[in-house]
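The values are calculated or read from the model by the stated rules, or taken from the named source; none is laboratory data. Not measured: the values here are computed from a predicted model. Neighbour counts are summed over all protein chains in view; Cβ atoms, including those assigned to glycine, are modelled from backbone coordinates with ideal geometry.
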């Protein structure tokens, strides 16, 4: 008799078609990701309609490969999980429709998962000792949240971005200095060759809300610097621009996180989301937490960017709490953290 809980998880919130099989909320039996980066690079960013079409083309193959790699068949799966928001509505609909069809045909429970909760849960894959309560920082292309994870599926939002997300700012600045898409990895690479103290870009604070973030002004400061250099015919060292911009983002993320942990008496800090793969941020947060005497957790880069393993882990904890989605489950592109 199978003593394990095996979940087939699907993720199609943006431009990654992904499927994973997760055992008992911790063990990754398979984690298959088809990335569309090369296609969207031609356009300088994600084209929603193209992303949706590519999901339709690839999703069945990705699911078949995930089952094959896991060594399990569909009848042996205990539940089907899927991201239903936030994200691109067309992309989300592909995954939701696929998951509902599989769950219905196989007679399995269906579990809808919040994409942001999935990012948070990615930390449980490699850090079995991490348990709530702890402080979480989610930094991705569309989201920047500072939260207290009170329980496996209970969250208190302390702060969030009031304008651009950190990853969005990375993409826009990378485009402005001619690095192209995807901005995050390209800024990270260029910054290694630049001087982070070359240009004193501003670190924004939100009046009356010490834990909130704002990156729009920083992005504008970079654009103003580039425009001024062009008008005055000054040479621009884009590696210095990348390094200085990245430092401004990293400093704010670290400062807010450490402040929140100290003021709330929390000694465990976990970071997640695509931007948490940034090498400078990982190093700075590791050092800041060590200096403050905090335990710090961050997933391996493969679990920072969009993947289905994190969705399966989050679904496991939802399932253990008795959560189950009905067949009316639909895509919710603006789904907020903690909403059901």
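Quick notes on this one:
- Residue in the stretch 80-89 that is touching a residue at least 12 places away in the same chain (Cβ under 8 Å) and assigned to a helix (DSSP H, G or I) present: yes
- Of residues in the stretch 238-260 being surrounded by 23 or more Cβ atoms within 10 Å (Cβ to Cβ) and more than 26 Å from residue 227 (Cβ to Cβ), the one nearest to the chain's Cα centre (by Cα): 253
- Selection over the stretch 133-146 of residues that are in a loop (DSSP other than H, G, I, E, B) and either touching a strand residue (DSSP E or B) at 6+ places or on another chain (Cβ under 9 Å) or surrounded by fewer than 21 Cβ atoms within 10 Å (Cβ to Cβ) (or both) gives a count of 4.
- Scanning the stretch 20-43 for residues that are more than 16 Å from residue 309 (Cα to Cα), more than 19 Å from the chain's Cα centre (by Cα) and surrounded by 14 or more Cβ atoms within 10 Å (Cβ to Cβ) turns up just one, 39.
- Qualifying residue in the stretch 52-69 (condition: out of contact with any strand residue (DSSP E or B) (no Cβ under 9 Å at 6 or more places or on another chain), outside any helix (DSSP H, G or I), assigned by TED's automatic domain parsing to the domain that holds residue 105 and surrounded by fewer than 22 Cβ atoms within 10 Å (Cβ to Cβ)): no
- Boolean, residue 306 is at negative phi, modelled with pLDDT of 95 or more and assigned to a loop (DSSP other than H, G, I, E, B): yes
- Residues of the stretch 44-76 that are closer than 30 Å to residue 152 by Cα and touching a helix residue (DSSP H, G or I) at 6+ places or on another chain (Cβ under 8 Å): 55, 59, 63, 67, 73, 74, 75.
- Note on the stretch 1-14: residues that are more than 20 Å from the chain's Cα centre (by Cα) and assigned to a strand (DSSP E or B) amount to 2.
- Qualifying residues in the stretch 122-132 (those that are part of a helix (DSSP H, G or I) and touching a strand residue (DSSP E or B) at 6+ places or on another chain (Cβ under 8 Å)) - the one farthest from residue 333 (Cα to Cα): 125
- Of all residues in the stretch 202-240, those satisfying the criterion of being in contact (Cβ under 8 Å) with a residue 24 or more places away in the chain and more than 21 Å from residue 160 (Cα to Cα) are 222, 223, 225, 226, 236, 237, 238, 239, 240.
- Just one residue in the set 258, 266 is outside any helix (DSSP H, G or I), farther than 18 Å from residue 141 by Cβ and either in contact with a helix residue (DSSP H, G or I) (Cβ under 9 Å, 6 or more places away or on another chain) or in contact (Cβ under 8 Å) with a residue 60 or more places away in the chain (or both); that residue is 266.
- Residue that is modelled with the highest pLDDT [pool: residues in the stretch 15-43 that are out of contact with any helix residue (DSSP H, G or I) (no Cβ under 6 Å at 6 or more places or on another chain), part of a loop (DSSP other than H, G, I, E, B) and more than 14 Å from residue 118 (Cα to Cα)]: 24
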